[in-house]
Amino acid sequence: MTNGFVPSPPQQPTQPLPLDYAPLAPPLALDHHVRRGQEEYAFGLAALLPQGIAWPRWSESTFMKVVYGLAGIMGWADGRAADLLERESDPRQTTEMLDSWETAWGLPEPCLFGKQFSVAERRNMLVMKMTLLGAQSREFFTGVAAWLGYPITITEYRPFMVGVDRCGDSRSLKSDGTFGDWPCQIGDPLMRFAWTIHIAQTKLVWFRAGSGQAGIDPHLRIARAEDLECIIRRWSPAHSQILFDYSGISDPFAGTDRYYLTVRAGDYIVTRSGEQIVSGRAGAVIWQPPFVPFAVGSPTFGTPSLIVSMSPPDVATQAWLNTVALRGGVVTNRQTVQTDLLIKGLKYDGLWPILDRVWLGACESNEAVGTVDIVNNGILTNVVGLAGPCTWTLLKGFRGDGQYSYLNSNFNPATALTPNFKANNGCIGAWINVGQYLVQKPNNYIIGVAENYGTYIDVLDSTGDNLYYFALNDQIGTQYNFSSSGAPIGAVGPYLAVDRSGQAASTAYCNGVQIQFSSNPSASTTFNSNILFGRASPNTHYFSSEQFGIMYIAKSLTARQHALLYNRFRNYLTGMGQNPGTPYVPT
């Protein structure tokens, strides 16, 4: 071999090249940028080396292992450079150079220093600032909030101006059946510089691979909208005052109150809160269904002749319908609508999470509809006595024979899955029909449990005294009572409930009103027995002949919650065509 001249290789090379370093380089993957890895650089370096026995090319040789090691460093540097070109140059994907991008664009905002945000949130902020076309309209700030992950609405204010505004209800009725904002108010003229941002839903930041940092970001972050408040305050007009309203977040049904509307012959509109709004619009108003709306049409404002739910059934309603169908029940359209309205109303009032069972005995179609609980789809058993089971009457409920038949809830707090009802924190109630079957007779129990738990409601227990007796897990056994004399004959009711809120606190309720309180101590801290309707306990022969329209089991309720529950049951019975009569409290 001479310097500068390479002769032709022999016919049979002394050392054939291994396949690793064949004359043709390995094929390159399709990519935005040509990436050369360890294999490509090893091939290139080997091709530049001299030929000869002193320069072996097989992979196992020490010499080529050194070449392969040097090529690995070059391949890693090549790949990292390609990463910077392909990923880190794009602000929507950057991770390693996110800090540099933020420094270049003045991020984070000064009011957000020290706050913790995920990589995805920081990218969103960066891209928004890079692409932002500033403005000061409502649409601009709504769009900024949406980009950050917050659905909001904005309310602006201005004072009443004589000659411009008019008296009366000047709000506009929107196509979704809701009223617009009041165009003006009476107050300080400076109100025109204030505006409120209503945050309808908190932002949930979940940990995600690629945007979450292990050991730093939690699985889920639920926090106040600090980023939104910061950005809006920095970009808002300097002379304005911004108010942030979070009141709609705690209640999933917040804001839907305005969708409960009663239309009366087109003369005026009454909202669910009782607000009356004069309207000259036609009586037949058809609105597009907004979020969870409920419309009640009542031309005479008496017993509603038409009650229509304009929204899809609640998930709990659908689960109840499915269970009823499996038991052979046929649910009418009115029953579906009224049950759905009841469920949505219970959720709106905050009662739904504390209920275990609610059976609607006063139902349509057939008995199977009233044996399925609307809360957890628990099954009520109509126990057959010597003369047959309890008699079910359309729209009235189940009536015991006073001798052998009764209703078994099959609900035992000791065996139920996560029950709300506890021995010292529970409530049992029923709506019975007064006057139709209610008679004075000994041991007329409408609710009972095992005798050692001292739990029952006993109505008109003995001839002549017109007394009702209440007890829930009562140790003493001396029940407090009240007289029912003067109860209106033929009225639907009363709603009777017994409630224990502590070891020495038990209360009786009639029609949602507290009638007596007892400090009798509780009998037990455990409660291991099925709750029965129409029988004192499994160990006695005390049965009732009352008719059960509604039955329920729940956690202890406050006085206000009892009133709300009573009104919801009244609304349901009214919607089903029953007149619950004038509420009364026995004296």
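Readers should treat all values here as calculations from the given coordinates under stated rules, not as data from a laboratory. Just so you know, these numbers come straight off a predicted model, no measurement behind them. Neighbour counts are summed over all protein chains in view; Cβ atoms, including those assigned to glycine, are modelled from backbone coordinates with ideal geometry.
As I understand it, the dipole of the stretch 92-139 uses +1 on the Cβ of Lys and Arg and -1 on the Cβ of Asp and Glu, about the Cα centre. Which of 116, 98, 131 lies farthest toward its positive end?
Farthest towards the positive end: 131.
Please compute the modelled spin-label separation between residue 131 and residue 181, points set 7 Å along Cα→Cβ, answer in nm with one decimal.
2.8 nm
Tell me, what ³J(HN,Hα) does each residue in the stretch 552-569 have, in order and in whole Hz, if you take phi through Karplus 6.51 cos²θ - 1.76 cosθ + 1.60 with θ = phi - 60° and put x for Gly and Pro?
8, 9, 7, 6, 4, 10, 6, 4, 5, 5, 4, 5, 5, 5, 4, 5, 5, 5
Can you tell me the FRET efficiency between residue 214 and residue 51 if r is taken as the Cβ-Cβ distance and R0 is 56 Å, rounded to the nearest 0.05?
Numbers: r = 51 Å, r/R0 = 0.92.
Once the sixth-power term is evaluated, E becomes 0.65.
For the pair residue 81/residue 105, report the inter-label distance in nm, with labels modelled 7 Å from Cα in the Cβ direction.
Between residue 81 and residue 105, the label points sit 2.7 nm apart.
Which FRET efficiency, nearest 0.05, do residue 161 and residue 239 yield, Cβ-Cβ r, R0 22 Å?
Computed FRET efficiency for residue 161 and residue 239 comes out at 0.65.
What FRET efficiency comes out for residue 332 versus residue 416 if R0 is 30 angstrom and r is the Cβ-Cβ distance? Round to the nearest 0.05.
On the way: r = 30 Å, r/R0 = 1.01.
Using R0 = 30 Å, I get an efficiency of 0.50.
Over 10 Å intervals from 0, what percent of Cα-Cα pairs in the stretch 315-575 sits in each interval?
In whole percents, the pair-distance histogram is 7, 34, 39, 18, 2.
Tell me, 35, 123, 171 in order of fewest to most beta-carbon neighbours within 10 Å?
Details: 35 17, 123 21, 171 13.
So the ranking, lowest neighbour count to highest, is 171, 35, 123.
If amide H atoms are built 1.01 Å from N in the plane of the peptide, which residues on other chains or at least 5 residues away come under 5 Å of the amide H of residue 160?
185, 186, 187
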